[in-house]
């Protein structure tokens, strides 16, 4: 079953992706993806279109979401797979998370204004397919447009990451809240791209231990953010904590992603893929 070309984490214009949901599905199908999950940040808006297009193409589709979580003074992401998008508690919880984004966007723009970058909020809004979900990626695309940096990665590196002039602190959902919403909606919970988090080995183990206590299911082992060493390291974590493994591109768009849909490396063959519970 590891040979299945599963891509269980990607984004559309419903959050910070650059392609509409239907186009994401069509691109995945063209790339040979067998099983696709659309997992927009804190938002379910793109799922109906994606599901309709997937059905028409005969592509197996998993409704998903990626929830922003505050944990140990960091922002983490937990993906929910196979969720019921009509679940009222999930819908209300995501609305609660999104409600803080407007204020955060205004604060980011104010910080950029302080260093002489003007009109950033209006610029970011032009890139936001969903105006209620303006993210750092939308600001980054605007800063690339006006020549502040060569690409989105450089914008994050120099302006929008923690400790940089455009970064602002924000409190998202707790891990307990996010897990409750996902499990309550019948979903499987996956720690997304753990290699991106600035956690020590001990802190990472505390995270996975608590995640499993709360009913967590899997770790994203193979993804666009992980190099070969990280794939092996998180495979060891999967074995140690008795979790399943996930594979994903974390695709945001043709110009904004390190790998394309369906192009993540295969999982180590001894791991149990999370899609074994989704088929």
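The values are calculated or read from the model by the stated rules, or taken from the named source; none is laboratory data. None of these values were measured; they are calculated from a predicted model. Every residue, glycine as well, gets a Cβ built from its backbone with ideal geometry; the counts of neighbours run over all protein chains shown.
Give me a count of the residues in segment 70-87 that are more than 17 Å from residue 251 (Cα to Cα) and either under 9 Å from the mean Cα position of the chain (by Cα) or surrounded by fewer than 22 Cβ atoms within 10 Å (Cβ to Cβ) (or both). First the steps, then the outcome.
Quick first cut of segment 70-87, residues more than 17 Å from residue 251 (Cα to Cα) only: 70-76, 82-87.
Applying the additional criterion that residues be either under 9 Å from the mean Cα position of the chain (by Cα) or surrounded by fewer than 22 Cβ atoms within 10 Å (Cβ to Cβ) (or both) yields 70-75, 82, 84-87.
Residues flagged as more than 17 Å from residue 251 (Cα to Cα) and either under 9 Å from the mean Cα position of the chain (by Cα) or surrounded by fewer than 22 Cβ atoms within 10 Å (Cβ to Cβ) (or both) within segment 70-87 amount to 11.
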Original post:
Only one of these conditions is not met by residue 148: (1) without any contact (Cβ under 8 Å) to a residue 40 or more places away in the chain; (2) touching a helix residue (DSSP H, G or I) at 6+ places or on another chain (Cβ under 9 Å); (3) in a loop (DSSP other than H, G, I, E, B); (4) in the same structural domain as residue 29 (by TED's automatic domain parsing). Which number is it?
Top reply: (4)
Subject >> Residue identified as farther than 28 Å from residue 163 by Cβ and either part of a helix (DSSP H, G or I) or assigned by TED's automatic domain parsing to the domain that holds residue 206 (or both) among 92, 109, 124 >> reply: 92
**OP:** Filter segment 70-88 down to residues that are under 20 Å from residue 171 (Cβ atoms) and either assigned to a helix (DSSP H, G or I) or at pLDDT below 95 (or both), then give me how many there are.
**Re:** 4
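Going residue by residue through segment 183-194, is there one that turns out to be surrounded by fewer than 17 Cβ atoms within 10 Å (Cβ to Cβ), touching a strand residue (DSSP E or B) at 6+ places or on another chain (Cβ under 9 Å), in the same structural domain as residue 73 (by TED's automatic domain parsing) and not in a loop (DSSP other than H, G, I, E, B)?
Step one: of segment 183-194, the residues surrounded by fewer than 17 Cβ atoms within 10 Å (Cβ to Cβ) are 184, 186.
This time we only want the ones that are touching a strand residue (DSSP E or B) at 6+ places or on another chain (Cβ under 9 Å), so: none.
Looking through segment 183-194, none of the residues is surrounded by fewer than 17 Cβ atoms within 10 Å (Cβ to Cβ), touching a strand residue (DSSP E or B) at 6+ places or on another chain (Cβ under 9 Å), in the same structural domain as residue 73 (by TED's automatic domain parsing) and not in a loop (DSSP other than H, G, I, E, B).
Taking residue 264, is it modelled with pLDDT of 95 or more and either in the same structural domain as residue 78 (by TED's automatic domain parsing) or out of contact with any helix residue (DSSP H, G or I) (no Cβ under 6 Å at 6 or more places or on another chain) (or both)?
On the way: modelled with pLDDT of 95 or more: yes; either in the same structural domain as residue 78 (by TED's automatic domain parsing) or out of contact with any helix residue (DSSP H, G or I) (no Cβ under 6 Å at 6 or more places or on another chain) (or both): yes.
It is true that residue 264 is modelled with pLDDT of 95 or more and either in the same structural domain as residue 78 (by TED's automatic domain parsing) or out of contact with any helix residue (DSSP H, G or I) (no Cβ under 6 Å at 6 or more places or on another chain) (or both).
Please determine whether any residue of segment 244-261 is assigned to a loop (DSSP other than H, G, I, E, B), without any contact (Cβ under 8 Å) to a residue 12 or more places away in the chain and either assigned by TED's automatic domain parsing to the domain that holds residue 35 or surrounded by 15 or more Cβ atoms within 10 Å (Cβ to Cβ) (or both). Please lay out each step first, then the result.
Of all residues in segment 244-261, those assigned to a loop (DSSP other than H, G, I, E, B) come to 248-250, 252-261.
Then keep just the ones that are without any contact (Cβ under 8 Å) to a residue 12 or more places away in the chain; that gives none.
No.
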